[in-house]
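The values are calculated or read from the model by the stated rules, or taken from the named source; none is laboratory data. Note that the structure is a prediction, hence the values are computed from the model and not measured. Because the Cβ atoms are built from the backbone with ideal geometry, glycine has one as well, and the counts that use them run over all protein chains shown.
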Amino acid sequence: MLIVCMAVISVNAATAQSDFGLTQRWFNEMLYNPAAAGNNFSTGIFLHTRQQWVGISGAPSTYAGSLDTYIESLSSGLGLSFAADRLGTISSYNTRFAYAFYIPVGKKFSLSLGLSGGILFRSRKIGDEDAFNNDPASAYGNVSESSPDFDIGFELRGPFKAGLSVRHLAVQSAQNNLQTHTINMWAYASSRFNISESTSLEPIASVLYNNYPQFEGGALLYFMKNERKNVYNDRFWLGALYRTGSSGIFALLAGVQLTPKIRLGYSFDYAAGELATLANAGTHELFLSFYLNRIFYKDEACPAYRNYRR
C-alpha cells in the first residue's frame, strides 16, 4: 500500500498545479482573491495549516498566512500573504502583495477591484529514500526556480457576497519537471441570514477551475449572541461541504470565537471513491485569526459609501 501511495504522490507532484488548496478559504478569501483585501473593514491576521493524508510519507502539507487592512480615507484595502506548499519532493513558496479599491454600490453594497503581485518559488529536493524508491523525479536531481506571479479579481459584498479571481497570470511552463504553473479561476457566492435569535445560516457555493473544474457546495451554521440587530457576533459554528473532483471530498467544519478578536477553526476532509483507501486518515486543517480593530457595518452604510459621501 505504501508503494501505491508513493506512486500516486509522485504522479501528482509531476502534474499538479502550483495552487494550494484550503477547505476553510471561506474565512480568508484574500488568499485566493486580491479583491478581498480589507473586506472585513478592519485589520486581520490569519494563519492556516493543512495536513493531508496524515500518516503517509510525502503527503501534501500547506502553511499559509495573511495580513490585511482597510483604509477608509482611501477606500482601499491592502494585504500581504504567503503560502508554503509541499507535495512529495516538490515544494512551492509564494508571497504576494494585494491592493483592492472599493466602490460603493448603494448604501449596503461595495464592489472591490483587486490586483496582487509577488514571487512564486519552486524547488525539488531528492533524498536517499526517494532514489531508493525509484521516484521518477530523482533523475532530474535537486533544482529550484522562481517566477513572477500576478492575480486579479473582484468581489461584491453586502447582504450577499460574490466574487471571481483569476490567478497566475504570468503563465510559465514547467521546467526541470517541476509543477506546471497555469492560470486558474475561483468563482464563489454566499449569503447569510438569521433563522432565529441565536443562530444564522450561510449557504455557500463555488467553482474552482484548476486544470479541471471542481464544484463545491454546503452551508455553515453559526451560533451567536445578538448585541444589536443583524450584527453577527459568533460564538461558534458548524458546517458541512462537498467538493467534486477525481474523487469526491466531504468536509466537516467547526470553530469557536475565543475572544471578541480571536477565532479558531478546524475542518476534517474525507475522500470518497478511489482515494478513500489511500487517504483513510483524512485531512486536518486549522486556522487562527486575529482582528485588531473589528468594525461591524450591518445597519449602516459601508465604509466605501461613507467615504464617497464626504
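Restricting attention to region 193-229, the residues that are at pLDDT below 85 and closer than 28 Å to GLY153 by Cα add up to 3. Of the residues ASP68, ASP85, the single one that is buried (at least 24 other Cβ atoms within 10 Å of the Cβ), charged (D, E, K, R) and modelled with pLDDT of 85 or more is ASP68. With respect to the stated conditions, ARG96 is at pLDDT 85 or above, crowded, with 20+ Cβ neighbours inside 10 Å and of a type in the set (Lys, Arg).
The set of residues in region 142-157 being out of contact with any helix residue (DSSP H, G or I) (no Cβ under 6 Å at 6 or more places or on another chain) and either among the small types (Gly, Ala, Ser) or modelled with pLDDT under 80 (or both) consists of ASN142, VAL143, SER144, GLU145, SER146, SER147.
Of all positions in region 18-26, at least one carries a residue that is among the hydroxyl-bearing types (Ser, Thr, Tyr) and at pLDDT 85 or above.
All conditions but one from (1) under 21 Å from ILE152 (Cα atoms); (2) surrounded by fewer than 20 Cβ atoms within 10 Å (Cβ to Cβ); (3) small (Gly, Ala, Ser) apply to SER73; the one that does not is (1).
Of all the residues in region 267-283, those that are at pLDDT 70 or above and surrounded by 15 or more Cβ atoms within 10 Å (Cβ to Cβ) number 6.
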